[in-house]
Amino acid sequence: MKALIAENVKKTYKSRKKNTEALKGADIDVEKGEIFGILGPNGAGKTTFIKICSTLLNKTEGNIKVLGYDLEKDEKEIRKHIGYIGQDSERSTYARLTGRENLEFFATLYNVSKIDFLERLEEFKKTYDNDEIFDKEVMKLSGGQKQAIVVMRGFLHNPDLVFADEISKGLDPIAAKKIRKFVKNYAKEKGKTVIITSQIMSEIEELCDRVAIIFEGKVVAIDTPQNLMDELNMQLIELRLRTGEIATPEFLKKLVDLETVSAIEQENGFIKLPVTDSTEAFQSIMKICKDFGLNPVISYRTATLEDVFLKFCDKKVELEA
Amino acid sequence: MAVQNVGFEIKAGFRVLGIGIKRDLTNIRRYKVRLIGWFLSMAIGMFTGYLFSVLFELNPATAGETGISTATQVFIFFIGGVALGTFSDSALWAPMERINQDIHYGTLEAVFVTPSNRVAYLLSPTISDALVNLIFFIPAFIIIMTVNGTLTNLYVIGTTLLVVLATIVSMMAFGIFFAMIALLIRKSQPIALFLSMLMQFLCGAYVPVQAYESMNPVFGPILKYIAYCFPYTYCYDLFRYFTFGSQYNTLFPVWVEFVILGVTSIAFVIIAGFLLKLVERKAKNVGLSIL
Ligand SMILES: Nc1ncnc2c1ncn2[C@@H]1O[C@H](COP(=O)(O)OP(=O)(O)OP(=O)(O)O)[C@@H](O)[C@H]1O
Ligand SMILES: [Mg+2]
């Protein structure tokens, strides 16, 4: 069974002044047990999509099944089985209650028994490894600590599917890593599904089995991160000139004239060369550098998720292509 | 199976109610300034009651309509109004303030994504407020009973407390009803302020509804009929009836007032439930944060 099937989802925010078409027919399906990432620039419609799937917003059009339940008919049943971590929700706990009291409050809203709650709390404590955030009033916690509480809130009732919008927002790298590990264990050990959005590409790459890229309300790509990166078929050699070294026009021309180099991009001391054959290119480039008496740092990399993101979501790049 | 489900839902609803009350009481315990404000408004109310009792003693018209005349009785009349009035006030404000705050901080989204019972969530602030109100109500009640000379009269104490209970129930219904209205029309603060004043003055907290007509032959009757529409009118009236006994002239026969109180409370609950659906639908179209 699929955890989520969304077909042709459209959403228009209506207001007197202006209607905003936030989703223009998005199709996304997520397998059970998958960690699924949703990528896209600001305003692409990620949050809108997540809110619709988690029963907080009405769609204008389309069909959605969450955990096999029809979104329209079985709203209440869906709510019992999903977790939700909203974007900008770090202040959405009760400020004068402690982290623990907040979690207990929401656990009760999910009708989690006291025993189960305590068990979950222990699990969270082990994950986060800092008991302070559970015992202090939330208003005395830092922004990232508040976010950590909010993230844990989404997992309180052992949901089969968790929507996490900007999961690691405001978290320091160590806390983010802990949360990532927690999410990974949650999905892989318990067979649960997690759908996340993030602007941190490395996070998505590390966590997600598959990703969808949403651009202007449409899904423009959906695949494993690896496949998406492979599809770009990109190999890049980067030269970083040392202080005092100057890239003369003759030098650049020599580089661009190489058969394997397809383009050149230069920006304060950095030279980017997309190549088709890296081994050959490497040697030729080294030689040219030597000829010009330059000794730059040369590095080689293949496409990253960021390149994929830019390809699909940067209008400028699209026009150039 | 279905019955079992209903039982399960009710139990879950009560848990939500309980944890909500716990949340509010913890809040109040950690934020005592609010209690001081509460205490002050109560004290000011009592003092005003005392002043009024001195002034109103001379009004024969009021005395004729209500059957109460002595300064002591008028004092009791006002203190009773103030004491019950705090309940109606918290009913009006508590759910609305909770909801406004929860929208502002995004908490409502986290609440609405759960399968929890919305009514239980909305009821908890009123009940918590009512509980805290008891700290102020009980001394006021003891003063009333002492001055009235009925501190040992179990019948009077029992019946007046019954009216208080009925008041709390009816005000909870009205509170939710009002919170929903406030959400739908947005400009909730001024409306609530207006209504809270209206309900205290109009429904007879300070001036007996019985006396409206003789006080002003044109507007008096109009105000009287408006007052009839609010359950609080009967709360105040019944409270006085049971304090003063049969010498107090109620607006309607006592049993009729109880029936009206019951019917209006149920009506408000039903309308509130309907409005809640409306609000949820609206929220789902535009997004909770900008309701
Ligand atoms: N409540 C609303 N009313 C009207 N328009 C809205 C509302 N919420 C979002 N929008 C619009 O819908 C579009 C999609 O917004 P959404 O929040 O889904 O984007 P997003 O992909 O989550 O962006 P971000 O990365 O910034 O979080 C945007 O153009 C936004 O302006
Ligand atoms: Mg967003």
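Taken together, the values in this text are just the output of simple stated rules run on the coordinates, not laboratory data. Source: prediction; values computed, not measured. With ideal geometry, Cβ positions are generated from the backbone for all residues, glycine too; neighbour counts draw on all protein chains shown.
Observations on the model:
- Cα convex hull of region B:109-195, projected area averaged across orientations, nm²: 7.6
- FRET efficiency estimate (nearest 0.05) - Cβ-Cβ, A:F270 to A:M139, R0 60 angstrom: 0.85
- Only Lys, Arg, Asp and Glu carry charge here, each on its Cβ (+1 for the first two, -1 for the last two); on that basis region B:150-291 has a dipole of about 620 debye about its Cα centre.
- Partner shielding of B:279-285 amounts to 3, given as the average count of beta-carbon atoms from other chains within 10 Å of each residue beta-carbon.
- Least to most buried among A:E259, A:E166, A:E245 (fewest other Cβ within 10 Å first): A:E259, A:E245, A:E166
- Compactness of region B:58-179 was expressed as the Cα radius of gyration divided by 2.2 N^0.38 Å, which yields 1.35.
- Packing-based order for B:166-177, A:88-99, A:227-238, A:289-300, using average beta carbon neighbours within 10 Å, highest first: B:166-177, A:88-99, A:227-238, A:289-300
- With a cut-off of 19 Å on the backbone N, the residues of region A:192-225 near the modelled label site 7 Å out from A:K184 along Cα-Cβ are A:192-211, A:224-225.
- Modelled this way, with points 7 Å down the Cα-to-C-beta line, the labels at B:Y31 and A:I246 are 6.6 nm from one another.
- Only Lys, Arg (+1) and Asp, Glu (-1) charged, at Cβ; the protein assembly as shown dipole about Cα centre in debye: 1120
- Cβ-based charge dipole, chain B, positive-most Cα from B:F230, B:S116, B:A83: B:S116
- Most tightly packed first, judged by the mean number of other beta-carbon atoms within 10 Å of their residues, the peptides B:279-287, B:111-119 read B:111-119, B:279-287.
- Computed E for A:K80/A:K14 - FRET, C-beta separation, R0 30 angstrom, nearest 0.05: 0.50
- For chain B, the Kirkwood radius over C-alpha pairs fed into Stokes-Einstein at 25 °C and 0.890 mPa s yields D = 122 µm² per second.
- Packing rank of A:75-83, B:260-268, B:24-32, where each peptide gets the mean count of other beta carbons within 10 Å, highest leading: A:75-83, B:260-268, B:24-32
- Here's the picture: charge each Lys and Arg Cβ at +1 and each Asp and Glu Cβ at -1 in region A:9-159, and of A:I85, A:F36, A:F49 the one pushed furthest to the positive end of that dipole is A:F49.
- Each of B:L261, B:L51, B:N27 was placed along the dipole of chain B (beta-carbon charges, centred on the mean Cα), and the one lying farthest toward the positive end is B:N27.
- Fraction of the pair-distance distribution of region A:69-166 above 15 Å, Cα-Cα pairs, percent: 60
- Within region B:182-201, backbone nitrogen closer than 15 Å to the virtual label 7 Å beyond the Cα of B:N216 toward Cβ: B:198-199, B:201
- Region B:117-252: proportion of alpha-carbon pairs further apart than 26 angstrom, %: 32
- Order of A:E34, A:E306 - criterion: other Cβ atoms within 10 Å of each residue's Cβ, fewest first: A:E306, A:E34
- Across peptide A:84-97, the average count of Cβ atoms from other chains found within 10 Å of a residue's Cβ is 5.
- Subset of A:K46/A:K311; A:K73/B:K11; A:K190/B:K22; A:K14/A:K178; A:K65/A:K136 violating a 30 Å alpha-carbon distance limit: A:K190/B:K22; A:K14/A:K178; A:K65/A:K136
- On the basis of the beta-carbon distance and an R0 of 25 Å, B:L40 and B:T146 show a calculated FRET efficiency of 0.65.
- A Cβ-based charge dipole, computed about the Cα centre of chain A with Lys and Arg at +1 and Asp and Glu at -1, lands at about 1180 debye.
- Proximal aspartates and glutamates to A:K24, defined as alpha-carbon separation beneath 14 angstrom and excluding residues fewer than eight positions away on the same chain: A:E7, A:E61, A:E216
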